[in-house]
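No value in this document is a laboratory result; all are computed from the given coordinates. These numbers were taken from a predicted model, which means no experiment stands behind them. Please note: Cβ atoms are built from the backbone with ideal geometry, for glycine as well, and neighbour counts cover all protein chains shown.
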Amino acid sequence: MDMYQNPYMGLAGMSPEELMFLQQATSELNENQQKYFYMSYSSKRKSPQDVLIFTLIGFFGVAGVQRFLLGQVGMGLLYFFTGGFCLIGTIVDLVNHKSLALEFNKKMAYESFQIAKMSN
């Protein structure tokens, strides 16, 4: 698969599930809208490695940093004040960092799709 044909392969930590989701989501967009979608999505997207690093920071330092990164301010505050639910929630987030990133990225893809659809 050529990078020019599929620019999503250049994004860090791209999973096959996320790639298929993006291809299905952008299939009805024209070329200009797809470029606009890519620019918007790539700036909002979080890689699973980033989520893992911030979860480790939360594990060894300030709990809840990964939730703030993912835009979950309420959960971030809850993790912060409870020590990551006494570290149990932080351990769960360590195990589930890929699904947390995928869930966030799907929301950002929907937002980017709506913005791209309104352009042109």
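Some observations on this one:
- Rg over Rh, two decimals, the chain (C-alpha only, Kirkwood Rh): 1.06
- Paramagnetic label zone (point 7 Å from Cα along Cα-to-C-beta, residue 28; backbone N under 14 Å) in segment 103-117: 110, 113-117
- A crude spin-label estimate for the pair residue 15 and residue 43, with each label 7 Å from Cα along the Cβ direction, gives 2.6 nm.
- Sorted from greatest to least, the principal axis extents spanned by the alpha carbons of segment 71-120 come out as 50, 20, 6 Å.
- Between helix 48-60 and the chain: long-axis angle, C-alpha atoms, 0 to 90°, nearest 10: 10 degrees
- For the chain, built as a Gaussian network whose Cα springs stay under 10 Å, the top-fluctuating residue of 26, 55, 90: 26
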